[in-house]
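Please treat every number below as a calculation from the coordinates, not as lab data. These numbers were taken from a predicted model, which means no experiment stands behind them. Glycine gets a Cβ as well: all are built from the backbone with ideal geometry, and neighbour counts include every protein chain shown.
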Amino acid sequence: MIPDTAGQRLISLHAPDVAIIAIYFAMVIAIGFYLKRHTGKGEGFFLAGREMSAWVAGLSFISANLGALELMGWAAAAYQYGILAAHWYWIGAIPAMLFLGIVMMPFYYISKTHSVPGYLKLRYGEPTRLLSAASFAVMTVLMSGVSMYAMALVMKVVLGWNMHFSIWVSALTVGIYVALGGLFSAIFNEVLQFFLIWLGALLIPILGLIEAGGWSGMVARIQQNFPQQDYTHIWRSLGSFSDNPMGIHWTGIVFGLGLIGSFGYWTTDFLVVQRVLAAKDLRAARLAPIIGSFFKMAVPLIVILPGLLALAVLPFPLVPESALGPGEHSYNEVLPLMLARYCGPGLLGLGITALIAGFMSGMAGDVSAFATVWTYDLYRSLFRKDAPDAHYVKMGRACTVLGVLLSIATAYLVMEFKSIMDYVQALFSFFIAPLFGTVFLGMIWRRITPAGGFCGLLAGTLSSVGMWLLVRADPSKLAWIALSSQAKDMAENMYRILWAGVICITVTVVVSAFTRPRPDEELKGLVYGFTEVPSEGHLPLWKRPIFWAGVSAVLFLILQVIFW
Amino acid sequence: MGEHHRIIPVWFFVGVILSIYGVLILATGIYGLFHPPSTVLANLHAGVWWGALLMIVGGVYVYLFLPRKS
């Protein structure tokens, strides 16, 4: 199949660019075939043999999150909202990643669980596991399909590629290498993709800053081009909903994003936690998210800065997708526009490969997590409890292919009914945000009961869906959820996540108070006070996870002060 | 990672692809010295030094993590 180049497009590729993209596809498939022989057992296929170093697990942890939509979506958000978008990389990630490494990882790792729903089974019992696993499986496949559709749309706009071509080639490539090598292959490719994403995207901020005259030159140009808004401070304009382009208050950022949303995603979303569970020992598992936090802090360099540079140097304004007229460009095209502005043949191919690598790393994360949760938490639990290990590996390979096909089907469904995209993006707040309360309370407090965990998770999910439906039915109710009539969409998401988390925690605690907890001997390795975490006192300071978590936390605080 | 099952380390694959990309981008960048692309700041010849950088980084990784019989 040859890409359709008849339509309007932003970028034209030359022979070296096409060669670079083709080499990338060949390499990832070759890695899948190479690793197939090492993934004959369940531990190898689903947990990469639990022998990843802290660096490999840490880079994979970040890469699985660094999808193409993440890259292009947040570059677009930076153009629209300014540096406020960096909150999703800093307060919306770093504290939670450090918390995962220092506080939560010992419980996940020592319990020897294969997945987050697996931990819920050990701590709360089967009903909570099934609720969490089923919602995760549905969410993952739908998210993957929506990302695939969005990526194909971008490839159509940017390169003029036929959408069916983009969907099938990318999806089948991911399907092949994950089905062959399981999590092993996904992690290997994610590390490769991590390098390509950085090296493909890093030239934009370097050349952009040269053109704009450095940071101060860029700020001066932005103020000249858009004098009515503050685009270059992260906290100063958050005192009121109306003072910033995002229409959000600092409480929404700190509590909704920084506390519930971020901790929900980084500590309980199995897509990312699975990478850390593949680490070779507990110290590596604790270090992995801490190593990841340093790179996460730097990601705004290749995502947020290009959006800000576009505000400074592009000679025409970008517009929202909904207001797009002939000859105009939308916010979502900001990264490809900047790529085309600075990168000639060869470099352009590398930049496009970075976007494709981002998409594929995100999708590989989705399907490998889906395969594990389906096989271990749904299939084994509901249908075949005692099959041989080889049977589960076979099932894992089959449902990797199934996951890819379901994602493709979702992509086509979104193509027909575009409004589904809005609904699917709300799934995160329905299923992941409340999960943090359930997992965290279960880890730190022995008094939390199985009934409390189940009811809290269900209440958090249902309340989140309820709030979302309420605002869809009557948009004026946004003022109830976000506590201000001046709040905008982003604020709604953050406050919905916050209330869902609060409701989950409250219901969990109240129901636990009236129901019977599990006996202490059943909580060994699962709950604080009943879990023996190996001491790291004999290690030199620079080898201890807590030391590097401290360094990361200090850097995080310095960034807040610099960009205050 | 890798010694256990004698798996080639991921860093070797990283080195291979960066080296290939380095050669391709450097060669395209050198061609661009004589036929400059119509991009902003084309006079900086980013393709040349970025290609060289990829080649060096890729080469170091290949050298350090080359699978050896021992």
Residues of type lysines that residue A:156 reaches as a straight line, Cα spacing below 17 Å, ignoring anything fewer than 8 places off in the same chain: A:418
5 Å is the cut-off here: which amide hydrogens, built 1.01 Å from N in the peptide plane, fall below it relative to residue A:319, excluding neighbours closer than 5 in sequence? A:329, A:330, A:331
For chain A, what does -39500 (n - 2.57) per DSSP helix run (n ≥ 4), summed and divided by total residues, give at 222 nm, in deg cm²/dmol to the nearest 500? -21500 deg cm²/dmol
Could you work out [θ]222 nm for chain B from helices alone, using -39500 (n - 2.57) per DSSP H run of at least four and dividing by all its residues? Round to the nearest 500 deg cm²/dmol. -22500 deg cm²/dmol
Residue A:103 paired with residue A:469, simple spin-label distance in nm, labels 7 Å along Cα-to-beta-carbon: 3.3
Mind giving me the nanometre distance, one decimal, between the label points for residue A:33 and residue A:226, set 7 Å out from Cα along Cα→Cβ? 4.8
List the aspartates and glutamates whose Cα lies under 16 Å from the Cα of residue A:112, skipping any in the same chain that are fewer than 8 positions away. A:43, A:51, A:281, A:377, A:522, A:532
Residue A:444 to residue A:538: extension gain in nm, 0.36 nm per residue of separation minus the Cα-Cα distance? 31.3 nm
Neighbourhood charge, 12 Å Cβ-Cβ cut-off, centred on residue A:318 and excluding it, Lys, Arg +1 and Asp, Glu -1: -3
Estimated translational D of region A:1-90 in µm²/s (Stokes, Kirkwood radius over Cα pairs; 25 °C; 0.890 mPa s): 142
Seen from all sides and averaged, what is the projected area of the convex hull of the Cα atoms in region A:126-215, in nm²? 9.2
Pairwise centroid distance, computed over Cα atoms, of region A:510-564 with region A:85-147, Å: 16
Once the convex hull of the C-alpha atoms of the protein assembly as shown is built, how many Å³ does it hold per residue, rounded to a whole number? 158
